[in-house]
Number of protein chains: 2
Amino acid sequence: MTSSQFTAQPQKICERLQIRYPIIQAGMVWTSGANLAIAASKAGCLGVLGAGSLKGDLLKKHICKVQDHGITSFAVNVPIMYEGSADQIKEAYDLGVRCFILSAGSPKIFTPWLKERHATVIHVTATPRMAKKCEDAGVDIVVVEGFEAGGHNGRDELTSMVLIPQVKKQVSIPILAAGGIASGKQMYAAMALGADGVQIGSRFAATQESSAHPAFKQAICEASPEDTQLKLRAIAPVRLLKNPFFHQVEQLETSGASAAELKELLGKGRAKAGMFEGDLHSGELEIGQVSGMIDHIPTCQTLVDDIIKEYHQTAQHMANLMS
Amino acid sequence: MTSSQFTAQPQKICERLQIRYPIIQAGMVWTSGANLAIAASKAGCLGVLGAGSLKGDLLKKHICKVQDHGITSFAVNVPIMYEGSADQIKEAYDLGVRCFILSAGSPKIFTPWLKERHATVIHVTATPRMAKKCEDAGVDIVVVEGFEAGGHNGRDELTSMVLIPQVKKQVSIPILAAGGIASGKQMYAAMALGADGVQIGSRFAATQESSAHPAFKQAICEASPEDTQLKLRAIAPVRLLKNPFFHQVEQLETSGASAAELKELLGKGRAKAGMFEGDLHSGELEIGQVSGMIDHIPTCQTLVDDIIKEYHQTAQHMANLMS
């Protein structure tokens, strides 16, 4: 399944992003630095740097490292609700980055500036309505993220199964499905639902090249299907792996705590402590529902090869269903 | 896509249940009486009576009505946590029903009794773990219901995209996917994920032959994608359409109300008032996330024809993706 074997939108995505497969490695906090972006790119996907946790001169260092590997087609993911996101976008652009994935904010804020400069703009949304707003704002590609996704999540809790076909009806720009996709079977299903490609997060977090702490990667592998849940709706909904910190949140929420009390518990630096420093007890462990089906830590190359192989097996299986 | 065109599990399901398509019309409270079961059966699916709201002699009347139409292959859905479910199962069996869909309870309770009497037992579950327990208890087919489904829902909130492939790894009995399926595209995606067929609920609730009140059917058609949400987790999670009653529940939950307070608000008869009597203000309106994509009220025959047509179009689209 190379770009030349695809017709219509998936091919457009591959050509537009200069990648072999219509797969985007999600930009995630604390897990997607240069090593992951380089490995995902080399495996045929769009490698992405998660700028949300690359503060100060770290973003520049990671961009330069990816470029030093001769990789020109990669993206920077910027959650635009944070202070400093405008500076990050400008800095990345000045360093030569020409593909941006923006999330957690209005598509109207940065799209005009980037489009005037001929950059590719991908925007992450969680509802058909917002996807339409992205298209209207001039966004090139939308990532539509279902309820099953890890980390920060939409308030409307639409799952990939219902979200993808509804977005497909609303927009004519290409759609990348995210949330619940860790295998070739799921990639195939997402594309049958109307996606032109996929964005994969949690499964890339548990690869050799991800910058997640080894203890967090191991925790992902050991997770049962029931081991994540969406929490902190009173602040901003986020899907977490169950650990002692999760249970503290749960207890507070059950007792009817206010947003202020939850914010106080959350404090600062918990995501870094959990995902990057491996504090499985007190850290915030953001991960998707698919962690229940992740049981090993492959290289990106092996992972992508396996996904593509299973995609083809699924296509064959579906063709065989009708004799 | 008739049974003779299917190989492997979907064909097994069609043969086992003596139906043309691997589609089960879900047994739902207040919406799935004899008229719907008859129409769904005639359209090539398994028609199902929802016994949860067929109390007293109503169940017998509806069973006899289906049988009077010469339909032998249909099922009764019994939520087994209610008092009287044992009597309903026995009554239905004595009237000649040989296919049962059980939900909301352990598969160990009634499966042995039914299997001794050569009935087909289908059990509804929401996790891979429970699906395995069903297989171990002798259940013939599992329905696996994702978070996007309407009405009562599992506590682990697994979506169809992640639930289906994980159940497939756990069990070797056939799997019917439920939750988020209202179209041929979604049926195709569910089968690509590993399902052998599908159970469709909300989409059948908004057909001509469903016993839902016309005002409720109209409300389903008018619903936006964001218009349902899972509520009442403190009692038993249930997906509701947003209406004034929903907002009352939301307000109580946000204020940290206890299960007892929520139960008091819920009271008795709200589901009947909303879904069967059309009280859109104070009634409890149970419906799935797919209501956002439902915009007309077809007959079952037209609906099933459209689903099968779109299934084939999707198969063709997926074959065309790779040239």
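The values are calculated or read from the model by the stated rules, or taken from the named source; none is laboratory data. This one's a predicted model, so the numbers in the text were calculated from it and none came from an experiment. Positions of Cβ are generated from backbone atoms using ideal geometry, with glycine treated the same way; all protein chains shown enter the neighbour counts. Heavy atoms of the whole protein, side chains included, go into the accessibility calculation; ligands, DNA and RNA do not. Shrake-Rupley method; radii C 1.70, N 1.55, O 1.52, S 1.80 Å.
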Verdict on residue B:127 being at pLDDT 95 or above, under 23 Å from residue B:29 (Cβ atoms) and away from chain A (no Cβ under 14 Å): no
How many residues of the stretch B:144-181 are part of a loop (DSSP other than H, G, I, E, B), in contact with an Asp or Glu (Cβ under 7 Å, 6 or more places away or on another chain) and within 8 Å of chain A (Cβ to nearest Cβ)? The answer is 5
* In this structure, does residue A:205 turn out to be farther than 23 Å from residue A:114 by Cα and open to solvent by less than 10 Å² (accessible area, probe 1.4 Å)? -> yes
Within the stretch B:208-220, residues open to solvent by 40 Å² or more (accessible area, probe 1.4 Å) and either within 11 Å of another protein chain (Cβ to nearest Cβ) or out of contact with any Phe, Trp or Tyr (no Cβ under 8 Å at 6 or more places or on another chain) (or both) come out as B:208, B:209, B:214, B:218
Exercise for the section: Return a yes/no flag: does the stretch A:67-86 have any residue that is over 24 Å from residue A:284 (Cβ atoms), part of a strand (DSSP E or B), of a type outside the set (Ser, Thr, Tyr) and modelled with pLDDT of 95 or more. Expected result: yes
Residues of the stretch A:39-52 being part of a helix (DSSP H, G or I) and open to solvent by less than 10 Å² (accessible area, probe 1.4 Å), in sequence order, are A:40, A:51
A careful count of residues in the stretch A:97-138 that are part of a helix (DSSP H, G or I) and either open to solvent by 20 Å² or more (accessible area, probe 1.4 Å) or under 22 Å from residue A:83 (Cα atoms) (or both) gives 13
Of A:268, A:272, A:242, the only residue that is free of Cβ contacts under 8 Å to residues at least 12 places away in the same chain and open to solvent by 50 Å² or more (accessible area, probe 1.4 Å) is A:268
- Query: Can you find a residue in the stretch A:12-32 that is more than 28 Å from residue A:298 (Cβ to Cβ) and either in contact with a helix residue (DSSP H, G or I) (Cβ under 9 Å, 6 or more places away or on another chain) or not hydrophobic (A, V, I, L, M, F, W, C) (or both)?
  - Reply: yes
Among the residues of the stretch B:310-323, the number that are among the polar types (S, T, N, Q) and facing chain A (nearest Cβ under 10 Å) is 3
Just a yes or no: is a residue in the stretch B:13-35 touching an Asp or Glu at 6+ places or on another chain (Cβ under 7 Å), modelled with pLDDT under 95 and surrounded by 24 or more Cβ atoms within 10 Å (Cβ to Cβ)? yes
Considering the stretch B:245-265, residues that are within 11 Å of chain A (Cβ to nearest Cβ) and aliphatic (A, V, I, L, M), and then whichever is least open to solvent (accessible area, probe 1.4 Å), we arrive at B:257
Among B:234, B:223, B:195, the single one that is touching a helix residue (DSSP H, G or I) at 6+ places or on another chain (Cβ under 8 Å) and under 30 Å from residue B:12 (Cα atoms) is B:195
Determine if the stretch B:288-309 includes at least one residue that is crowded, with 21+ Cβ neighbours inside 10 Å, assigned to a loop (DSSP other than H, G, I, E, B) and either more than 10 Å from chain A (Cβ to nearest Cβ) or among the polar types (S, T, N, Q) (or both). yes
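Table: residues versus (1) of a type in the set (S, T, N, Q); (2) at positive phi; (3) open to solvent by 40 Å² or more (accessible area, probe 1.4 Å).
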position: B:222; (1), (2), (3): no, no, yes
position: B:228; (1), (2), (3): yes, no, no
position: B:233; (1), (2), (3): no, no, yes
position: B:321; (1), (2), (3): no, no, no
